[in-house]
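*Asks:* Quick one: structure below, then a few questions.
The values are calculated or read from the model by the stated rules, or taken from the named source; none is laboratory data. Predicted model only: the values in this text are computed from it and were never measured. When we count neighbours, we look across all protein chains shown, and the Cβ atoms used for this are built from the backbone with ideal geometry, even at glycine.
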Amino acid sequence: MTTFQEQDAAAVTKTSAAGPGRSPALEFASAWDYAPAPETTKVEIADSHGHYIGGTFVGAAKGGTLDTLNPANEQKLSTFARGTVADIDAAVNAAREAQPKWAALPAKERGKYLFRIARRLQERAREFAILETMDNGKPIKESRDVDIPLVAAHFFYHAGWCDKLKYAFGGAEPTPVGVCGQIIPWNFPLLMAAWKLAPALACGNTCVLKPAETTPLTALRLGEIFDEIGLPPGVVNIVTGDGEAGSALVEHAGVDKVAFTGSTEVGKKIARAVAGTGKKLTLELGGKSPNIIFDDASIDQAVEGIVSGIYFNQGHVCCAGSRLFVQEGVADEVIAKLKIRLQSLRVGDPLDKNTDVGAINSRPQLETIAKYFDIARDEGLDVFESSCELPSIGYWCKPSFFTGVQASHTVAREEIFGPVLAVLTFRTPEEAITRANNSPYGLAAGVWTDKGSKIFEIAGQLKAGIVWLNTYNRFDPASPFGGYKESGFGREGGMQGLRGYVKLGGDR
Amino acid sequence: MSERLSVLKTYKLFIGGKFPRTESGRSIKVADASGSVVAHTCRSSRKDLRNAVEAAEKAQPGWASANAYLRGQILYRMAEMLEGKRDELAAAISITGKVGKDAALAEMDASVDRLVAFAGWADKYPQILGCHNPVTGPYYNFSVPEPTGVVGVVCPDEPSLLGLVSLVAPVICSGNAVVLLASETNPIPACVLAEVLATCDLPGGVVNILTGLRDELVEHFATHRAIAGVFAAGVSDEHRTALEAGAAENMKRVQVLDLGPDLAAGFADDSAMESPWVIEPFVETKTIWHPVSS
Amino acid sequence: MAASPTVFQAVNSPTINRVSADARAASFTTRSIKTTAKDAGLRLALSMVDLTTLEGKDSPEKVRSLCAKARRPMPDDERVLGERLPSVAAVCVYPSMVPVAAEALGGSGINVASVATGFPSGQYPLDVRLRDTAKAIADGADEIDMVINRGAFLSGKYGIVAEEIAEVTAVCAQGGPGGREVHLKVILETGELETYDNVRRASDLAIAQIRDGDFIKTSTGKVSPAATMGVTLVMLEAIRDAWLRDGKRIGMKPAGGIRTAKQSLHYLAMVKETLGDAWLSPDWFRFGASSLADDILRQIVRRKTGRYTAGYDFGVA
């Protein structure tokens, strides 16, 4: 394998040779490096956490406890209750009891609770950001600038819907579904809680939320905010734990609606469990989203789009742009520039304000990612890894990409959920569309071209619920999110996101 | 002189705009109130279903990309043609003797009107179900509904025509293609409708009609991975569960209408059955972002 | 003079997605530059300043005072800080002040930069602009900050713009008295170019005409907006591409609007992450600024002594 420098020179120098005596590469050693800039605010974390049921924090019934670690240093952060059928039962009962009163509140008053939640989240934003980074491993700049502001915005947006629901469903009178069982993943722990809770509450439902077993802390702290703002007991209940609590929630007869974000594999199990029960279901599942770069794109910005598409949040993003399709004429340039860009990605301490890529959330996830590296090597793929140094403890993966990938390669088909990109090339728009759509998933897609008519043609043809044109990984509470095909059904956010939390005529 | 023997019709399937016989070679007798056989229909097999799905898959992209005005016109043309077969269809509705002549005519008229309603929706529902989203930041962001793909329709036994039309019209008006399983107790109106569809400018394969037994076919509707959604009404709890479990196969969008015990009354309710929210289960919201700058 | 310039010229520059470029540029403002990085960065930024005065009321006295400040930005640095701070990179003046500056900076190693070519508008006949340039060089300028012909550029006559830059480059290439090397900085006046597509196009066009070691520069400081992070990023990317493509190495000078030490550190972060280590030097990156140096000094003093300074602590120049 040639060195990085040789490859770049060959790739980028298309028309003329390097200047006399110079190799046209760029060095990003450390002539002037950033000193450590850790977030120093101290966040208190209790030694142990119970479920939040009926407005109070309660201990585990008999499921024992689990530990949650900081994936950046493998240190235990806290212990939390491992929910059982009995805990879920208590939580669902609390939600059932609270639901009629919550739904009967004047809609504006219901809205005020949500506004209060949004405000308190803004006021405690730094604390939540730090806690999220510690529990999840994501860089503080993301939890601070993306996750937590979006959480507050999500409650704020939905607060305003409470008294306007009838306008969202012209001609049909929406009524609450009832009790919602909501199971969320570990990649955006608090944001996913907000995506689930805010629309459910706005529509007059009550909730039982089951956070992921590696990231329970911010959701539990959200329970503190519910207390602070006087949310009626039982309106939101939080039961922590593993798959046992999740299954119990899905199967509980007192649950009217199940909402799940996570893997397609688990989503299918839930769909089977819910079939015939009369429960409503929305699922936001996996993806293998294409990011398509045409030769007339703004290349430097497209490279930024690749970076935010796959390296944002360590690639732990269901809509990550994990399949890159580059038009052949610019493939060399894009790859060379991506290599250069990878050198300036700072990987390490998630609490350092200059960290771009944090820790992988858990050891099992790190092992999953490692497995795909092995498969790719076995399948004969070339890998390019950032030259960064990784910390000696904690769970880490260098930002990487595979080149020479064909549609049949495993890394082009399966969701890896890590900072790992498969690079493919194409020649014509039709080829790009066909290959991009050749996946059971259909969550998101990116398209980069400067030609307006072409971009709308491609956007129209792609089977994906979110299409980012000349941008990637943008999120907003007003913008519906959710997939086509096996990426799930139902939307979260926006007017369309309300649909999963109301009954209209004809719905059960 | 001996009495003339009537020519008993054996209705065939309607797949890809053609009228093939069932691959199974089996048929089902349809009898009138007195028990005399008045017609034979095909007892479709899973292979017929497979063929129908293939035809639907082939036809769907073109139908979806046809402009909405054209789709609306074709649905209206269907209504016109149906109206022209008013007596024949009314007779088909009442052929088994379960529906009186007046009720059959009323059902016939309601079916025509339902098609007219969805003919009108074709170029309007995106304006109801789609929207512009005021996101923070320099981005233009909008959501549009797009058809889900190939949708399986499992029709109720009664109303045999209105049930079918009510389930099919909202699904195809948005650009989906349909593979439907007709009423098991009276599939004749579906078979007559096929003759309308064959001549009304609807591209072959957009609507495919199977007759047969739910016990044999529901399972395959549920598990066929190229069927992206299922719309049903009047099915047993067991079939409902089977269909909903299909979501576990390929994330099928499954909508089983719950219209209460009186299906005929339920289907006759225009405000519920002609709402855009009947179209909504089989469209996918696509949300598009683009930066705004010069 | 060459034959009439090509009026219609194919443009081969990439387009720029402004929202994305701005987002990338803004990302450097969230870089947290602390402790040792801040200390080193402030000194580096100081050494990159082109201390500038470009006013109609400029007097020889003011220019001499500016030159003294250029040599020794903080006269009592050794007493207060216990170290000798770097001098700035250059003093930038109007052509009429070049002799004064050249005399005041003699032997210091600090360059005399002169705006020329009918600065700031450039709305003069080409021969006048070329004579303006030659005179400044003859009077002692080490660096010429020229303006491009925005009228020609904005009307699409790129050939004219290119040719004029080439002619000024040729004048600079002749060097000064005694074989003194003269570097050229091409001011695009990005505030008048309006779009990033134009900024990139003008950058490419200028880079193609100038020599290794010459600069492209954002602004005259007379038009708002002057330098911004976004515009500078677009120009840095043009420089990077010329380097990677042709091995041609060009310097960068944002000018106007950079007033605070914090801003200068954000720019340095952008240079570091776009062009890498090799450009983190006054030979390759400059700040065109009149008040930036004072804020850098304030920060250096505060960091050293823990005290905030008063406005009058640093000589007004």
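*Asks:* Exactly one condition in (1) out of contact with any Pro (no Cβ under 7 Å at 6 or more places or on another chain); (2) assigned to a loop (DSSP other than H, G, I, E, B); (3) farther than 25 Å from C:ARG18 by Cβ is false for A:ARG474; which is it?
*Replies:* The failed condition is (3).
*Asks:* Out of A:ALA273, A:ALA253, report the one residue that is more than 14 Å from chain B (Cβ to nearest Cβ), surrounded by fewer than 23 Cβ atoms within 10 Å (Cβ to Cβ), of a type in the set (A, V, I, L, M, F, W, C) and farther than 25 Å from A:SER48 by Cβ.
*Replies:* Being more than 14 Å from chain B (Cβ to nearest Cβ), surrounded by fewer than 23 Cβ atoms within 10 Å (Cβ to Cβ), of a type in the set (A, V, I, L, M, F, W, C) and farther than 25 Å from A:SER48 by Cβ holds for just one of A:ALA273, A:ALA253, which is A:ALA253.
Yes/no matrix, rows are residues, columns are (1) buried (at least 20 other Cβ atoms within 10 Å of the Cβ); (2) touching a Gly at 6+ places or on another chain (Cβ under 7 Å); (3) basic (Lys, Arg):
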residue	(1), (2), (3)
C:GLY41	yes, no, no
C:ASP50	yes, yes, no
C:VAL100	yes, no, no
C:GLU103	no, no, no
C:GLY107	no, no, no
C:ILE110	yes, no, no
C:ALA113	yes, no, no
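*Asks:* Is there a residue being surrounded by fewer than 24 Cβ atoms within 10 Å (Cβ to Cβ), free of Cβ contacts under 8 Å to residues at least 12 places away in the same chain and within 14 Å of chain B (Cβ to nearest Cβ) anywhere in segment A:406-415?
*Replies:* No, the conditions are met nowhere in segment A:406-415.
Condition check ((1) at pLDDT 95 or above; (2) part of a loop (DSSP other than H, G, I, E, B)) across all residues:
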{"site": "A:ALA10", "(1), (2)": "no, no"}
{"site": "A:ALA17", "(1), (2)": "no, yes"}
{"site": "A:SER30", "(1), (2)": "no, yes"}
{"site": "A:GLU44", "(1), (2)": "yes, yes"}
{"site": "A:TYR52", "(1), (2)": "yes, no"}
{"site": "A:LEU66", "(1), (2)": "yes, no"}
{"site": "A:ALA90", "(1), (2)": "yes, no"}
{"site": "A:TRP102", "(1), (2)": "yes, no"}
{"site": "A:LYS108", "(1), (2)": "yes, no"}
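*Asks:* Taking the criterion of being over 30 Å from C:ARG180 (Cα atoms) and in contact (Cβ under 8 Å) with a residue 40 or more places away in the chain, would at least one residue in segment C:101-114 satisfy it?
*Replies:* Scanning segment C:101-114 turns up no residue that is over 30 Å from C:ARG180 (Cα atoms) and in contact (Cβ under 8 Å) with a residue 40 or more places away in the chain.
*Asks:* Of all residues in segment A:447-471, how many are β-branched (Val, Ile, Thr) and at the interface with another protein chain (Cβ under 7 Å from one of its Cβ atoms)?
*Replies:* Residues that pass the stated criteria total 3.
*Asks:* Can you name the residue in segment C:278-294 that is crowded, with 21+ Cβ neighbours inside 10 Å and assigned to a helix (DSSP H, G or I) and, of all such residues, is farthest from the other protein chains (Cβ to nearest Cβ)?
*Replies:* The extreme case among them is C:ASP294.
*Asks:* Sticking with this structure for a sec: So, restricting to helices (runs of 4 or more DSSP H) that lie completely within segment C:1-115, which ones have at least 2 residues that are within 14 Å of another protein chain (Cβ to nearest Cβ)?
*Replies:* Output list reads C:18-28, C:35-47.
*Asks:* So, one more: Please state which of the following conditions A:GLY505 fails to meet, knowing it meets all the rest: (1) within 16 Å of the chain's Cα centre (by Cα); (2) within 7 Å of chain B (Cβ to nearest Cβ); (3) among the small types (Gly, Ala, Ser).
*Replies:* Status for A:GLY505: all satisfied but (1).
*Asks:* Quick one: B:THR136 ticks every box in (1) hydroxyl-bearing (Ser, Thr, Tyr); (2) more than 15 Å from the chain's Cα centre (by Cα); (3) not in a loop (DSSP other than H, G, I, E, B) bar one, so which box is it?
*Replies:* The single condition B:THR136 does not satisfy is (3).
*Asks:* Further question on the same structure: Tell me, which residue of segment C:138-156 that is of a type in the set (A, V, I, L, M, F, W, C) and in a loop (DSSP other than H, G, I, E, B) is surrounded by the fewest Cβ atoms within 10 Å (Cβ to Cβ)?
*Replies:* Checking each candidate, the answer is C:ILE148.
*Asks:* Would you mind stating whether A:LEU283 is in a strand (DSSP E or B), within 30 Å of A:VAL258 (Cβ to Cβ) and either at pLDDT 95 or above or in contact with a helix residue (DSSP H, G or I) (Cβ under 9 Å, 6 or more places away or on another chain) (or both)?
*Replies:* Yes.
*Asks:* If you go through segment B:47-94 one residue at a time, how many are β-branched (Val, Ile, Thr) and over 30 Å from B:ALA106 (Cβ atoms)?
*Replies:* Residues meeting the conditions: 1.
*Asks:* Answer with yes or no whether A:ALA60 is without any contact (Cβ under 8 Å) to a residue 60 or more places away in the chain, closer than 19 Å to A:ILE238 by Cα, part of a loop (DSSP other than H, G, I, E, B) and away from every other protein chain (no Cβ under 14 Å).
*Replies:* So A:ALA60 passes the test.
*Asks:* A follow-up question, please. Failed condition for C:VAL168, given (1) under 24 Å from C:PRO86 (Cβ atoms); (2) surrounded by 21 or more Cβ atoms within 10 Å (Cβ to Cβ), with all others met?
*Replies:* Status for C:VAL168: all satisfied but (1).
*Asks:* Need a quick list: helices (runs of 4 or more DSSP H) entirely within segment B:189-294 having at least 2 residues that are within 9 Å of chain A (Cβ to nearest Cβ) and among the acidic types (Asp, Glu).
*Replies:* Fully inside segment B:189-294 and qualifying: B:237-245.
*Asks:* Then there's this: Is it true that some residue in segment A:323-337 is in a loop (DSSP other than H, G, I, E, B) and either surrounded by fewer than 23 Cβ atoms within 10 Å (Cβ to Cβ) or facing chain C (nearest Cβ under 10 Å) (or both)?
*Replies:* For segment A:323-337, residues in a loop (DSSP other than H, G, I, E, B) and either surrounded by fewer than 23 Cβ atoms within 10 Å (Cβ to Cβ) or facing chain C (nearest Cβ under 10 Å) (or both): absent.
*Asks:* Please verify whether A:ILE455 is hydrophobic (A, V, I, L, M, F, W, C) and touching a Cys at 6+ places or on another chain (Cβ under 8 Å), treating the condition exactly as stated.
*Replies:* Answer is no for this residue.
*Asks:* Next up: Taking segment C:186-204, which residues are under 15 Å from the mean Cα position of the chain (by Cα) and among the hydroxyl-bearing types (Ser, Thr, Tyr)?
*Replies:* Residues satisfying the conditions are C:THR190, C:SER203.
*Asks:* Considering only residues that are closer than 17 Å to A:ALA444 by Cβ and either of a type in the set (Ser, Thr, Tyr) or assigned to a strand (DSSP E or B) (or both), which ones fall in segment A:477-508?
*Replies:* Hits for segment A:477-508 are A:SER479, A:PHE481, A:TYR484, A:LYS485, A:SER487, A:GLY488, A:PHE489, A:GLU492.
*Asks:* Go over the candidates A:ILE225, A:ILE270 one by one and state the one that is out of contact with any Ser or Thr (no Cβ under 7 Å at 6 or more places or on another chain), farther than 27 Å from A:ARG124 by Cα and part of a helix (DSSP H, G or I).
*Replies:* Sole residue among the options that is out of contact with any Ser or Thr (no Cβ under 7 Å at 6 or more places or on another chain), farther than 27 Å from A:ARG124 by Cα and part of a helix (DSSP H, G or I): A:ILE270.
*Asks:* Name, by its number, the condition in (1) out of contact with any Gly (no Cβ under 7 Å at 6 or more places or on another chain); (2) buried (at least 20 other Cβ atoms within 10 Å of the Cβ) that does not hold for A:ASN438.
*Replies:* (2)
*Asks:* Looking at (1) more than 24 Å from B:TRP277 (Cα to Cα); (2) in contact (Cβ under 8 Å) with a residue 40 or more places away in the chain; (3) in a loop (DSSP other than H, G, I, E, B), which one does B:ARG21 not meet, given that it meets all the others?
*Replies:* The one condition B:ARG21 does not meet is (2).
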